[in-house]
1. Identify all lysines with a Cα-Cα distance to LYS345 below 26 Å; exclude those on the same chain that are fewer than 8 residues away in sequence.
2. Determine, for each peptide in 317-325, 305-313, the mean count of other beta carbons within 10 angstrom over its residues, then list the peptides with the highest first.
3. Run the quick spin-label model on ASP222 and MET379: label points 7 Å from Cα toward the beta carbon, then report their separation in nm to one decimal.
4. Mind giving me the nanometre distance, one decimal, between the label points for THR110 and ASN343, set 7 Å out from Cα along Cα→Cβ?
5. Please give me the summed charge of the neighbours of ILE332: other residues whose Cβ is under 12 Å from its Cβ, Lys and Arg +1, Asp and Glu -1.
6. By how many nm would the segment from GLN273 to LYS125 grow when fully extended, if each residue of separation counts as 0.36 nm and the alpha-carbon distance is taken off?
7. Can you give the net charge of the other residues whose Cβ lies under 15 Å from the Cβ of ILE318, counting K and R as +1 and D and E as -1?
8. Calculate how large, on average over all directions, the projected area of the Cα convex hull of region 44-98 is; give the answer in nm² to one decimal.
Amino acid sequence: MMTRILFALCAVIALSFPALAQEATTAEEEVTAPAQAVSVEPVARDDEIAKRVVEIMRSTGWYTSARVEVKDGIVFLDGRTNTVDHKTWARELASKTQDVVAVVNRIQVTQEANWSFAPALSEIKDLGNRIITSLPLILLAIVILPFTWWLSSLAARGLRRWFLSGVGSPFLRDILARTIALPIFLLGLFIVLQVAGLTQIAVSVVGGAGVLGIVVGFAFRDIAENFLASLLLSIRRPFRAGEYIEVTGMGGTVLSMNTRSTVLLSPEGNHIQIPNAAIFKNTIVNYSASANRRDTLEVGVGYDVSVAHAQEIILQVIASHQATLAEPAPMILVDSLGSSTVNIKAYFWIDAHAYSVLKVKSALLRLIKKALTEEGISMPDDAREVIFPQGVPVLQLGGKAEARAQQIANQEISESVHELGTVVESASASSEAEGNLGNEQEQITEIAADATVEEGETDLLSDKA
């Protein structure tokens, strides 16, 4: 009796199912599995199972060319449908049918072109609803974030002016101020995210940003290295704008320094950009850091003269020159014994800020040559040995030929002495060709002032905050 009642209920459900399916099609279809096992008869036959399942599938209208075959309780489903959910629904339907052992689902899913704008309009409508719902949070973010940004900027300016004024580097002062003021803006951002319920998302984003930062750091390692080097150089200040330095084999007057490189102006007027990382890791020679600078010059005198007398003459010339310093005193030392000369090296100090090292050296060499010549001290050229493998033929001259040769030699010597006598060296501290002995660094600085280097960044060597 109970079996008949259940069979009647299933029949009623089966008869009413097309109407329910039609109603679901007109509205929004909801794909669900059968609520309970489908009963046929005790020990249902294969043909009855196939007939029952195929009738239910056809009644839904979801399947095309639906065909069901049952062999020994194994259901084979064939046909086509539009969605994967419908295919799954057919499998669950067959598996819950009475006396079904297994299901082989061979239904194919075919997507049909849908030219309806209804899904797009529905999504736009949902988006509009979400925006309207989120309007209070958006207004809160618009108010809080600009306010906290303005407050952090105000705090950064106050820190730079009142608390970090003792920091010598403007670049470091700016970084410290921004770093200390940054938590104010982060607090406002946290409030907005907390109210919006996005705190966990913010933590995830921050974690992802940390990983992304590591990847970007490796990709832009050179840029980060130059930035850190510029920060350390702005703190240590091994040179300043306008000073002449030499680094990595390049020399020039310092024009400016930015977060990537330092710009030099070479004596030839060329702009040289050296990465700050290379400057930080290499030896820096600052020729302008100290006013006093030592230079050397070398003079060779003959073996037939008194070396001590030549040293006294050179010392007198150097000590009496206006550009040389009395302290430390000049040193005139014998450096080496050459092939034809005794090489004397002179060490002297000058004020490199006031005088040009090149011009002073030129003037001293000129005055030393004049003084040694007036004292009759010879400065011979290097001796050279000429080898004649076949020997040198000797021609014996006699009588008038020998007298004529001697006359020509005496005449040449007389003319040479006359020419030497007419050579007059200037005794002034600087010649017209040398010009004044002032440091040409001032002229280079003037050129540097007119030079423009388009970097688009603040000069880190500037003392302006």
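1. Cα-Cα hits under 26 Å: LYS359, LYS361, LYS369, LYS370.
2. Details: 317-325: 17.4, 305-313: 15.7.
Highest to lowest by the protection proxy: 317-325, 305-313.
3. Placing both labels 7 Å beyond Cα along the Cβ direction yields 4.9 nm.
4. 10.0 nm
5. Values: positive: LYS345; negative: GLU298, GLU312, ASP335.
Its environment carries a net charge of -2.
6. Numbers: separation 148, 0.36 × 148 = 53.28 nm, distance 5.74 nm.
Between GLN273 and LYS125, full extension yields an extra 47.5 nm.
7. Numbers: positive: ARG293, ARG294, LYS345, LYS359, LYS361, ARG366, LYS369, LYS370; negative: ASP295, GLU298, GLU312, GLU327, ASP351.
Spelling it out: positives minus negatives among the neighbours equals +3.
8. 3.3 nm²
Read the figures in this text as sums done on the coordinates, not as results from a lab. Please read all numbers here as calculations on a predicted model, not as lab measurements. Heads up, the Cβs are rebuilt from the backbone with ideal geometry, glycines too, and the neighbour counts pull from every protein chain shown.
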